[in-house]
Amino acid sequence: MRHSKPPAGLVPEVIEIETQRLRLRQWRQEDRAPFASLNGDPRVMEFFPSTLTAAQSDAMADRCEALIAERGWGFWAVEATATNRFIGFVGLHIPSAELPCSPCVEVGWRLAREFWGRGLATEAAAAAVSTGFHRLGLPEIVAFTPLQNVRSRAVMKRLGMLESGAFDHPHVPENSGVRRHCLCRLPAAVRDA
Ligand SMILES: CC(C)(COP(=O)(O)OP(=O)(O)OC[C@H]1O[C@@H](n2cnc3c(N)ncnc32)[C@H](O)[C@@H]1OP(=O)(O)O)[C@@H](O)C(=O)NCCC(=O)NCCS
């Protein structure tokens, strides 16, 4: 699976996606404050090694924005269309770690706590997956999360992803209780069947 940079001078079109209740779009400066707030929430970050400082959160938003500008797709900022409020991110990403599924494109999500339990993560992720297969032509999309993250695993199941074993995430410290991850795969052929 190759995702080479476009030739110099060619800027790809930034893909933005509308669903029934959501807009997946490029990041804006005003997303930084609510993003830092959710990244500092221990409930949201329960299955990560730690919460993020505001500086770490801003740096992550910067990386997401830069990758979308470079490729046209990525971990999009998600806003509720009814209120225009930023609720978190959902989207597609090439993992920087060397994983059992590498090279691969993952679908991932992180929403502020007040937006859980409404089907919003699955709605956004289904649209991202559909874009990955139909617009980007990806042959497969994967997802992974610590074994204990039942909410995230439930999203994978709702997307029709297939459990495909477990692995220790190389970027999570060895003494962390969240190192062991389950891997789910969704081949384009299964999605379209
Ligand atoms: C993982 C995460 C995105 C899941 O969010 P979620 O809200 O549980 O997932 P969904 O959007 O699919 O919502 C499903 C729930 O909404 C309910 N729901 C309510 N209205 C709904 C609607 N209109 N349509 C669909 N589901 C609806 C479902 O019944 C389900 O409820 P349940 O959890 O009680 O079974 C969220 O917990 C999160 O951001 N966690 C922190 C970050 C994280 O761990 N990310 C993954 C790291 S690998």
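Failed condition for Ala143, given (1) touching a strand residue (DSSP E or B) at 6+ places or on another chain (Cβ under 9 Å); (2) closer than 23 Å to Arg32 by Cα, with all others met?
Looking at each condition in turn, Ala143 falls short on (2).
Quick one: how many residues across region 112-140 are near the ligand (Cβ under 9 Å from one of its atoms), surrounded by fewer than 20 Cβ atoms within 10 Å (Cβ to Cβ) and not in a loop (DSSP other than H, G, I, E, B)?
Looking only at that region, the number is 4.
This table checks each residue for (1) at positive phi; (2) assigned to a loop (DSSP other than H, G, I, E, B); (3) surrounded by fewer than 17 Cβ atoms within 10 Å (Cβ to Cβ).
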| site | (1), (2), (3) |
| --- | --- |
| Gly108 | no, no, no |
| Gln148 | no, yes, yes |
| Met156 | no, no, no |
| Val178 | no, yes, no |
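Here is a check on your reading of the model: is Ala143 surrounded by 14 or more Cβ atoms within 10 Å (Cβ to Cβ) and more than 10 Å from the ligand (Cβ to nearest atom)?
no
Of everything in region 9-25, what is part of a loop (DSSP other than H, G, I, E, B) and not small (Gly, Ala, Ser)? Give them in sequence order.
Those that are part of a loop (DSSP other than H, G, I, E, B) and not small (Gly, Ala, Ser): Leu10, Val11, Pro12, Glu13, Val14, Ile15, Glu16, Thr19, Gln20, Arg21.
Just to be sure before I move on: is Glu70 in contact with a strand residue (DSSP E or B) (Cβ under 6 Å, 6 or more places away or on another chain), over 28 Å from Asn175 (Cβ atoms) and among the acidic types (Asp, Glu) in the structure I sent?
Here the answer is no, as Glu70 does not meet what is asked.
Listed here are the residues, each with its yes/no results for (1) of a type in the set (A, V, I, L, M, F, W, C); (2) more than 16 Å from the ligand (Cβ to nearest atom); (3) within 17 Å of the chain's Cα centre (by Cα).
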| site | (1), (2), (3) |
| --- | --- |
| Trp27 | yes, yes, yes |
| Gly40 | no, no, no |
| Ala59 | yes, yes, yes |
| Asn84 | no, yes, no |
| His93 | no, no, yes |
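Readers should treat all values here as calculations from the given coordinates under stated rules, not as data from a laboratory. This is a predicted model, so every value here is computed, not measured. Ideal geometry is used to build each Cβ from the backbone, glycine not excepted, and the neighbour counts take in all protein chains shown.
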